[in-house]
1. Among the numbered criteria (1) touching a Leu at 6+ places or on another chain (Cβ under 9 Å); (2) of a type in the set (A, V, I, L, M, F, W, C); (3) buried (at least 18 other Cβ atoms within 10 Å of the Cβ), which one does A192 miss?
2. Mind listing just one residue for me: the one in the range 272-286 that is of a type outside the set (S, T, N, Q) and buried (at least 17 other Cβ atoms within 10 Å of the Cβ) and, of those, farthest from W248 (Cα to Cα)?
3. Just to check your reading of the model, which residue among V293, V267, V260, V201 is crowded, with 20+ Cβ neighbours inside 10 Å and either on the phi > 0 side of the Ramachandran plot or of a type in the set (A, V, I, L, M, F, W, C) (or both)?
4. For the range 91-138, give me each residue that is of a type in the set (F, W, Y) and assigned to a loop (DSSP other than H, G, I, E, B).
5. Looking at (1) without any contact (Cβ under 8 Å) to a residue 12 or more places away in the chain; (2) buried (at least 24 other Cβ atoms within 10 Å of the Cβ), which is the only condition C123 fails?
6. Would you confirm whether or not the range 34-46 contains a residue that is in a helix (DSSP H, G or I), surrounded by 16 or more Cβ atoms within 10 Å (Cβ to Cβ), hydroxyl-bearing (S, T, Y) and modelled with pLDDT of 95 or more?
7. L177 is checked against (1) outside any helix (DSSP H, G or I); (2) farther than 30 Å from D283 by Cβ and fails just one. What number does that condition carry?
Amino acid sequence: MSTSSRRTFMAASAAFSLGRVLGANDKINIGIVGIGGRGNDHINAYAGLPDARIVALCDVNQAALETGQAAAKKLTGEQPKGYDDMRKLFADKDVDAVSITTPNHWHALSTIWACQAGKDVYCEKPACYNVHEGERMIEVARKTGRMVQIGSQSRSLAYKMKAVRLLNEGVIGKVYLAKGLCFKRRPSIKHAEDSPVPAGVNWDMFLGPAPMRPFNALRFKYNWHWFWDTGNGDIGNQGVHEMDIARWGLGEVMWPKSVVSTGGKYVYIDDQETPNTQFASFDYGEKQLQFEVRGLNTGGEGSIAKGGGNYVGNLFYGADGWMNVDGTGFKVYKGDKEDLVMDMRKEAGADTPPHMANFLAACRSRNYKDLHADVAAGVMSADLCHLANASYRVGRKLTVDAAKGRFTGEGATEGNQLLTRPKYRSPYVV
């Protein structure tokens, strides 16, 4: 076999498990499940990547599906196929890999079904809706040999990768504290009565693993984040990005010794169930991770965001100084006078495409270690959010058994009940 033939054969062999035999220059056919705000972001991002081709979309809302198809056709000149049931999309042999942009409560099951159907998966954050579901995701990804990238796109941004590398190299000395901040103004969702299911919406499929409830507009578009059946509050929404960076910057810490989370839903009298103000602290012995959610009007923190308003980012404190990392770049301060010694700005361009490009590269290499945010890393970061929410809901500090990934000691029974669902609706069982 000639060198050229051998190279072509190896490229085709590496991609065989995608479902089609890909040549070295073939595009990877993408299906996108969930065509809401983030789903449309995925359409835009994949349309701009030379290695990807959008071939199928799926949504339980016919109007959203048709809007997504039209947007994809306008961007690429090709209208993707439309599905009302993700299982039909997963069965499509033209689809090599899928993007999951569903609500949180669907992330695990859709990923599991896709892996079992032979598809690689890019799944939006948080990786999982609860701890049990994350364990199943990792198990199935490894068993099937699928690539599963979690949408923690910070891990593919050059300036954040450099910030974490500098922390590991001791730029501020031994790091003893990471703080994740989610100061994001969230208005009241108010109140809405239950109502008939809108035409073209498959409400049963939307709820999926969650308990069946009457249709309510507040439990549908975006506001599902603020109900425990389907969401994880802002700590598991915007916050999980900062939780992931905090954990990453502390050296990929995993299960803490204990967690305590306090707060509440203050000021508003509305239908929201999750807290709009929340503080969590994770004890790692010689290190600590703290997290704070502020959804009401708030000022800044220390010398950052002094003007108030939204601030989403991370602070790292070490023996010799501190660093702040956010969506604009990172800064390093040293010594007792807090001298600014480094100020790196974010590189130009959108955040998501580099992360998707990394995913597509791993789809070809067939090595999950090439992923910047493999499912195991994404699940661990999500799990810290779940531990915090469990402590908040139980109303006490909880001790963690790292070997089992469960609570132990006082309050463990109530806490562990919140790390899975008491019951899954058939056939949507994780």
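The values are calculated or read from the model by the stated rules, or taken from the named source; none is laboratory data. These numbers come from a predicted model, not from an experiment. Glycine also receives a Cβ, built like all others from the backbone with ideal geometry; neighbour counts cover every protein chain displayed.
1. (3)
2. P275
3. Within the list V293, V267, V260, V201, the selection yields V293.
4. Y129
5. The one condition C123 does not meet is (1).
6. yes
7. Of the numbered conditions (1) outside any helix (DSSP H, G or I); (2) farther than 30 Å from D283 by Cβ, the odd one out for L177 is (2).
Each row is one residue, and each column tells you yes or no for (1) touching an Asp or Glu at 6+ places or on another chain (Cβ under 9 Å); (2) hydrophobic (A, V, I, L, M, F, W, C).
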position	(1), (2)
M147	yes, yes
K162	no, no
L207	yes, yes
W224	no, yes
N232	no, no
